[in-house]
Structures are given as structure tokens and as C-alpha cells.
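Notes follow the structure.
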Amino acid sequence: MLNTKYLQNSILLMAGILLLCTICNVQPANAASTSAPAASSTTTAPPTTSTPAAPREVKLEWNGTRLPQNGLLVNGNTMIPIVLLRDSIGVTLRYEAAVKTYTLLQNDDQIDMITGASGITVRLNNHQWNGPSAQIIKGRMYVPFSVLRDGFGYQSSWNASQLTLNFAKKGIFLE
């Protein structure tokens, strides 16, 4: 009776986890470690490890003009190098070493990227950002385009076959 109840609860728990992962579009870190032990087996399979896909380069355009640096496609997010925003688009970029914070400023809008032991915290106009986070890749800070969309009001046009993101200020027509 106890084994049957344990097995039923384990199955329900696993179904709930899988449903949650499906809804949130998240893969369990190690599916083998969350499964219930088999009743007749005394050995377990070795844990599986998955290697994240390598970032792919994305061509970047501002108002249809090719920019000199590429972005990266990481886990479905187009990541933009913050120095590109400063050098090619004119966004103000500041770094405060004492608090390990990068700040992007445009008009009255502000995006802060605070680096810490647990990762990078992104704030839009002093409000916590709950979307994909900025990342340091090969020593360079990248910000997801979605942060720029929500923080600065940028719009975009994505060409999946050419891996090209064309973006501009809101109100500019993009093809």
C-alpha cells in the first residue's frame, strides 16, 4: 500500500514538474535525478549533461544601415554589445567600478546592469527587469534586445533566414 502511494505521488510530482517546464519553456537540469526510483531496478542511469548551443552571430542594422559589430543569438535572445550602442547609435554608456554597474542612458530612459556574485541584475528606469538578463560573453557586456525594446522603446524587424536584426527608435518604419 505504501509503495503504491509513493509511486502515485512520484508520478504526480513528475507530471507537475514536466507541465511546469513545458509552460515556462524550461528544460529540467537533470531529469534523471528527479525521477522516481524504479521498483524492480537497483541501478540508476548516469546523469546526462547537455551542452548549451554555441551563440550564433547576428548581423545588426540600425534604420536599415549595417552596423560594424555583430550581435549574438543566445538561447533564442538576440544579444546586443553595449559598446555598439555607444559607438554607433549614440547611447550614453557609463561604468561605475565601485558598484560594478553599467548604465545606458537615452533621453529620459535608463538601463542599469549590476554585476554581482549571483549574476547580472537589470533595471529599467529603476524597476527590476524580469526578462532575460544581460550577459558577459568573452569579456564583453551584451544586453538582450528585449531590454532595449522595453527600456528605450526600440522596434525591430527580424530576418531569421539571414540572421539579421534591424532596429530603430519607435515610429521609424522598418522593412
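The values are calculated or read from the model by the stated rules, or taken from the named source; none is laboratory data. Quick caveat, the model's predicted, so the values are computed rather than measured. In this analysis, Cβ positions are derived from the backbone assuming ideal geometry, glycine residues included, and neighbour counts consider all displayed protein chains. Each accessible area value is taken on the protein alone, full model and side chains, heavy atoms only, with ligands, DNA and RNA left out. Shrake-Rupley method; radii C 1.70, N 1.55, O 1.52, S 1.80 Å.
Listing for the model above:
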{"quantity": "From the options Ser88, Ser10, residue that is modelled with pLDDT under 60 and open to solvent by less than 100 Å² (accessible area, probe 1.4 Å)", "calculated": "Ser10"}
{"quantity": "Test: Val99 is of a type in the set (Val, Ile, Thr) and open to solvent by 40 Å² or more (accessible area, probe 1.4 Å)", "calculated": "yes"}
{"quantity": "Flag if Pro81 is surrounded by fewer than 20 Cβ atoms within 10 Å (Cβ to Cβ), under 21 Å from Val58 (Cα atoms) and touching a residue at least 24 places away in the same chain (Cβ under 8 Å)", "calculated": "no"}
{"quantity": "Test: Asp150 is without any contact (Cβ under 8 Å) to a residue 40 or more places away in the chain and open to solvent by 50 Å² or more (accessible area, probe 1.4 Å)", "calculated": "yes"}
{"quantity": "Those residues of region 62-71 which are open to solvent by 20 Å² or more (accessible area, probe 1.4 Å) and either within 17 Å of Leu163 (Cβ to Cβ) or without any contact (Cβ under 8 Å) to a residue 40 or more places away in the chain (or both), in sequence order", "calculated": "Trp62, Gly64, Thr65, Arg66, Pro68, Gln69, Asn70"}
{"quantity": "Residue, farthest from Val91 (Cα to Cα), within region 122-147, restricted to residues that are surrounded by fewer than 17 Cβ atoms within 10 Å (Cβ to Cβ) and of a type in the set (Val, Ile, Thr)", "calculated": "Ile137"}
{"quantity": "Matching option when the condition is among the basic types (Lys, Arg) and touching a residue at least 60 places away in the same chain (Cβ under 8 Å), among Lys59, Lys100", "calculated": "Lys59"}
{"quantity": "Residue within region 87-95 that is of a type in the set (Val, Ile, Thr), in contact (Cβ under 8 Å) with a residue 40 or more places away in the chain and assigned to a strand (DSSP E or B) present", "calculated": "no"}
{"quantity": "Members of region 73-132 found to be over 11 Å from Val143 (Cβ atoms) and among the aromatic types (Phe, Trp, Tyr), listed by number", "calculated": "Tyr95"}
